[in-house]
Amino acid sequence: MKKQKEQSGSYSIIHDMMGTYSVSLLCSVAGVLRSGFYKWVKQQQNPSRKMVEDEKLKEMIRECHQEVNGIYGYPRVTVWLTQRYGIYVNRKRVYRLMKEMGIQAHIRRKRKFFGRKEQVVISENKLNRDFIASRPNEKWVTDIIESVKSFV
């Protein structure tokens, strides 16, 4: 993908300098094939149906990115496209288009939660360390030890 992007940049430079120098000289200097350059020129003049769809999707993705202040990544953008426009797009395609446009989600800082905590229940001491029973099933005792780290 990166090599293709670099070649696209080379092709556009060759296209700009095409009137001054020969195409074969520019292609050899740029290290690209002449046939690849002409294929790129033809593609620019007559884009495929998928390229046109990708451009429309890029506009929708850009709209979503601006609307939500850039906090959505590609999975949520995919869901947003489905909910807003009813378009079912593969998440990998959305990822690729966002990567081409240089759009990423802004990672937000986690907020501390200061909500209600569970109240500590302390029962009264009814046995008062008198564990000897006069008959069976008179006294039932359990021991709950909560490990608390002490700071020294």
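Every residue, every condition in (1) exposed (fewer than 11 other Cβ atoms within 10 Å of the Cβ); (2) touching a residue at least 60 places away in the same chain (Cβ under 8 Å); (3) under 30 Å from Tyr72 (Cβ atoms), yes or no:
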| residue | (1), (2), (3) |
| --- | --- |
| Ser24 | yes, no, no |
| Arg34 | no, no, no |
| Phe37 | no, no, no |
| Gln43 | no, no, no |
| Pro47 | no, no, yes |
| Lys50 | yes, no, yes |
| Ile61 | no, no, yes |
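List the helices (runs of 4 or more DSSP H) inside region 11-70, counting only whole elements, that have at least 3 residues being basic (Lys, Arg) and under 26 Å from Val89 (Cβ atoms).
Details: elements: 23-30, 34-45, 49-67.
So the answer is 49-67.
Determine whether Gln119 is of a type outside the set (A, V, I, L, M, F, W, C), surrounded by fewer than 12 Cβ atoms within 10 Å (Cβ to Cβ) and not in a loop (DSSP other than H, G, I, E, B). Let's see the steps before the verdict.
Values: of a type outside the set (A, V, I, L, M, F, W, C): yes; surrounded by fewer than 12 Cβ atoms within 10 Å (Cβ to Cβ): yes; not in a loop (DSSP other than H, G, I, E, B): no.
In short, no.
Bear in mind these aren't lab numbers, they're just calculated from the coordinates by the rules spelled out. Everything numeric in this text was worked out from a predicted model, so none of it was measured. Neighbour counts run over all protein chains shown; Cβ positions are idealised from the backbone, glycine included.
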